[in-house]
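For reference, the structure discussed in these notes is given below.
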Amino acid sequence: MDQPELLKIAVLGAGGQLGQTFRQISKLYPDIAFDFFDKSELNILHKEDIHNVLNSNTYRYVVNCAAYTHVDKAESEPDLCFAINATACKHIAEIMQGTEMRLIHFSSDYIYHTYNGFPLKESTNPEPQGVYASSKLLGEQYIRAASVPALILRASWIVSPFGHNFVKTMLRLGKEKDQLHVVNDQYGAPTYARDLAMAVMSIIRKTEANPTNLTSFNTTYNYANEGIVSWFDISTRIMKELQFSCIVHPISSSGYPTPAQRPKWSVLSKQSIKNNFNLEIPHWYRSLTQCLQELTEKQ
Ligand SMILES: NC(=O)c1ccc[n+]([C@@H]2O[C@H](COP(=O)([O-])OP(=O)(O)OC[C@H]3O[C@@H](n4cnc5c(N)ncnc54)[C@H](OP(=O)(O)O)[C@@H]3O)[C@@H](O)[C@H]2O)c1
């Protein structure tokens with residue numbers, strides 16, 4: 001008897017923190033066939049290569065984790081940043097047009113850059129400051145303009161045991177230093193890459209189970225862990241949990257100038273994604289503990 005065809009998913013940018021997280025959790029889905037492409041296997045700057053990869057297979061979902069994420073360096077490399085975060089995303093969406101493929105793409109809290117004292121809804125007027133933020137917004141706009149079903153997830157402060165991120169930096173500095181200064185006037189919540197990737201898989205399952213869910217799929221949502229914290233709060237929690245003696249001092253962002261402006265208010269409303277997909281989002285505190293456990297087990 002013929003075996004039912006496996007659902008196929010292509011993950012682009014598989015060498016990054018989110019890409020590696022998808023590879024890690026793919027083992028939990030034996031009924032799904034994942035193909036992973038890191039930058040050396042598929043550089044999304046090469047349109048013809050994207051075309052060849054996506055059209056040589058029968059992917060149902062394309063998960064685009066590839067991005068230019070060096071927010072400060074972007075200020076001096078705007079062309080490359082826009083080419084990866086905007087033009088290449090346009091090409092991916094265009095290549096998918098007219099096929100059965102669906103796109104999952106990640107954007108950023110940086111596109112909002114506004115303060116209103118409330119969790120930012122997806123309908124908040126974007127006011128991106130700087131090259132990275134503007135390139136991420138343009139990437140979203142290109143994707144929405146293409147007629148391809150696309151789930152766009154705006155995340156904030158991604159952390160994981162992979163790649164470069166704040167938690168890994170704190171782990172290293174907490175061991176090396178007696179004292180640290182960390183900004184306490186930027187508010188938001190971390191996004192544990194594993195929670196985000198699991199949420200994506202849950203959305204895929206729900207969309208596959210009920211075709212009428214495609215309207216909910218083809219939408220832009222915020223996603224981050226629950227809670228509101230500053231980077232200072234996260235770093236003190238890390239030192240405490242790992243029993244490091246390093247003392248963390250709060251400082252204002254003005255004492256830590258960077259080429260790209262950081263949004264001071266990255267508190268995202270997740271109501272829309274929670275309602276539409278019946279998702280429960282873990283609290284940052286619990287997910288940070290899980291991330292630290294993974295990191296310390298790896299060492
Ligand atoms: N990190 C955060 O705090 C954060 C917050 C909100 C939203 N996001 C968004 O979430 C998504 C995933 O972020 P992440 O933290 O996983 O980023 P990441 O760790 O920097 O991963 C991005 C990956 O894309 C690869 N890449 C860069 N240019 C490419 C190209 N031309 N072709 C193919 N691959 C390319 C990078 O390779 P190289 O490193 O070799 O260049 C890297 O492996 C991105 O869309 C990002 O904008 C991230």
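Here are a few things to note about the model shown:
- Surface composition of region 5-72: carbon plus sulfur atoms contribute 49% of the solvent-accessible area (1.4 Å probe, protein chains only, all chains present).
- By average C-beta atoms within 10 angstrom, highest first, the peptides 251-259, 269-277, 148-156: 148-156, 269-277, 251-259
- Relative to the current alpha-carbon distance between LYS39 and GLN179, full extension at 0.36 nm per residue lengthens the span by 46.7 nm.
- Fully extended contour minus Cα-Cα distance, from ALA260 to THR169, at 0.36 nm per residue: 30.9 nm
- Pairwise FRET efficiency - GLU75 versus ILE251, Cβ, R0 = 22 Å, nearest 0.05: 0.50
- Per residue accessible area of region 78-232, 1.4 Å probe, in Å²: 39
- Shown for the chain is the translational diffusion coefficient from the Stokes-Einstein equation, using the Kirkwood radius over Cα pairs, a temperature of 25 °C and a viscosity of 0.890 mPa s: 124 µm²/s.
- Summed side-chain charge close to LEU42 - residues other than LEU42 whose Cβ falls under 12 Å, Lys, Arg +1, Asp, Glu -1: -3
- Cα centroid of region 207-230 to Cα centroid of region 264-299, whole Å: 14
- Gain in span if fully extended, GLN24 to THR114, counting 0.36 nm per residue against the direct Cα distance: 28.9 nm
- GLN97 versus ASP49: modelled label distance in nm, points set 7 Å from Cα along the beta carbon direction: 2.4
- Restraint check, LYS8/LYS206; LYS175/LYS240; LYS47/LYS90; LYS175/LYS298; LYS175/LYS264; LYS168/LYS264, Cα-Cα greater than 20 Å: LYS175/LYS264; LYS168/LYS264
- Taking a sphere under 12 Å around the Cβ of THR124 and counting the other residues whose Cβ falls inside, with K and R at +1 and D and E at -1, yields a net charge of -1.
- For HIS46, distant residues with modelled amide H under 5 Å away: none
- Seen from all directions on average, region 10-121 presents a Cα convex hull projection of 8.9 nm².
- SER147-THR289 FRET efficiency (beta carbon distance; Förster radius 41 Å; 0.05 resolution): 0.45
- Nearest 10 degrees, 0 to 90: helix 166-176 Cα axis against the chain principal axis: 40
- Neighbourhood net charge (12 Å Cβ-Cβ; Lys/Arg +1, Asp/Glu -1) for ILE32: 0
- Long-range HN-HN contacts of LEU153 with modeled amide H, under 5 Å: HIS105, PHE106, SER107, TYR221
The values are calculated or read from the model by the stated rules, or taken from the named source; none is laboratory data. Please read these numbers as outputs of a predicted model, since none were measured by experiment. Neighbour counts are summed over all protein chains in view; Cβ atoms, including those assigned to glycine, are modelled from backbone coordinates with ideal geometry. Only protein heavy atoms, including side chains, enter the accessible area calculation; ligands, DNA and RNA are left aside. Shrake-Rupley method; radii C 1.70, N 1.55, O 1.52, S 1.80 Å.
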